[in-house]
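S.K.: My questions will all concern the structure given below.
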Amino acid sequence: MDLVPVLADRLAATEPTRCGWHPAKTTRIQKGEVQPTDGDIRAWCAGCGAADQADDLIATARAVDSMYVEWRRSHRTGMRKTQGDIYDRYAHGGVTRAYVSNVVPGFFQTPAYATALMEAITDFQGTCVLRYRVGDAETMAGRLRHLLTVMPLPSVSPGLIPFTAQRTMWPLEAFYLHDGARSVVETLTAEVNVVQPRELADYCKAFGELTKMAVHGNAARALIESAITSLG
C-alpha cells in the first residue's frame, strides 16, 4: 500500500495554487520523490474543501508501511522479534482492551496452551475460548485454571460473552485496542494496524457493545468452572 499515488492523483486534479505551493511540488509527490508532510496534507485537504479529513489522512501516512503485515513475512526468521515488539507495545502502553472470540488472548495463555495453539494453527484446526479443545484435557484444564488465577488481579478485567447471551453485535475478528490510539486486528494471514481516528472510534464503540454482553466476576468464574468440569 502506498499513500503517495493516491494523494498524487487527487493533487493533480487540484490547482496547486489552492494548496499554496508550486506545481513542481505536485510533480515530485506524484513521482514519489518526496513524501507529503502533515502540512502538505492539511493544505491539500483545505484546498479540496475537506479539512475534516486531514487527521485521518495524516494518521494513515504515518503508519502506511505497517498497516498490513503478513504473518509469513514477519515470522520468516522466527517469532522472537514479533514477540519482542508485542512486549514493548504493552510495556509502553496504558490500557489495552482486547476482544477475541476464538482463543484466549496471548497474555492469558499458558506455555502448554500456546504450544498446542501453534500446532493447531499449523494444521488449520478450529478453536474457541472456553470449550473448543486446543491440546489435551490436561492442557485445557491448566489454561482454564490459569484464567481463574489471574481474574482477581487489579490490572485485568476479563469478561466472557455466554453462548446464551442475546447478541446486540455479531462476533468480530480478534482485535487489541491500545490506549485508543491503535487497534491491532488479527486475520488468518496478517496483522492489520488501524490508526485512523475515524476507524478507532468504531472499534471503541464496538468494544463497548461487546462489553455490555459480557459477564464478569462470579458469573464469569462459574462459566470457567463449568468448562473445567466438562473436561472430565
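S.K.: What are the residues in region 128-154 that are hydroxyl-bearing (Ser, Thr, Tyr) and either surrounded by 16 or more Cβ atoms within 10 Å (Cβ to Cβ) or modelled with pLDDT of 85 or more (or both), if any?
M.R.: Within region 128-154, Thr139, Thr149 qualify.
S.K.: Exactly one condition in (1) under 18 Å from Gly106 (Cα atoms); (2) modelled with pLDDT of 85 or more is not met by Lys205; state its number.
M.R.: Tallying (1) under 18 Å from Gly106 (Cα atoms); (2) modelled with pLDDT of 85 or more, Lys205 fails exactly one: (1).
S.K.: With respect to Leu177, determine if the residue is of a type in the set (A, V, I, L, M), without any contact (Cβ under 8 Å) to a residue 40 or more places away in the chain and either touching a strand residue (DSSP E or B) at 6+ places or on another chain (Cβ under 7 Å) or loosely packed, with under 12 Cβ neighbours inside 10 Å (or both).
M.R.: No.
S.K.: Among what's in region 86-105 and is at pLDDT 75 or above and part of a helix (DSSP H, G or I), pick the residue that is surrounded by the most Cβ atoms within 10 Å (Cβ to Cβ).
M.R.: Applying the filter and picking the extreme gives Asp88.
S.K.: Does Gln83 meet the test of being in a loop (DSSP other than H, G, I, E, B) and either open to solvent by 30 Å² or more (accessible area, probe 1.4 Å) or modelled with pLDDT of 75 or more (or both)?
M.R.: Considered against the rule, which asks whether it is in a loop (DSSP other than H, G, I, E, B) and either open to solvent by 30 Å² or more (accessible area, probe 1.4 Å) or modelled with pLDDT of 75 or more (or both), Gln83 comes out as no.
S.K.: Restrict the check to region 158-177 and report whether at least one residue is under 12 Å from the mean Cα position of the chain (by Cα) and of a type in the set (Phe, Trp, Tyr).
M.R.: yes
The values are calculated or read from the model by the stated rules, or taken from the named source; none is laboratory data. What you see is a predicted model, and the numbers here were worked out from it, not measured in a lab. With ideal geometry, Cβ positions are generated from the backbone for all residues, glycine too; neighbour counts draw on all protein chains shown. When the accessible area is computed, the model is the full protein with side chains, heavy atoms only, and any ligands, DNA or RNA have been set aside. Shrake-Rupley method; radii C 1.70, N 1.55, O 1.52, S 1.80 Å.
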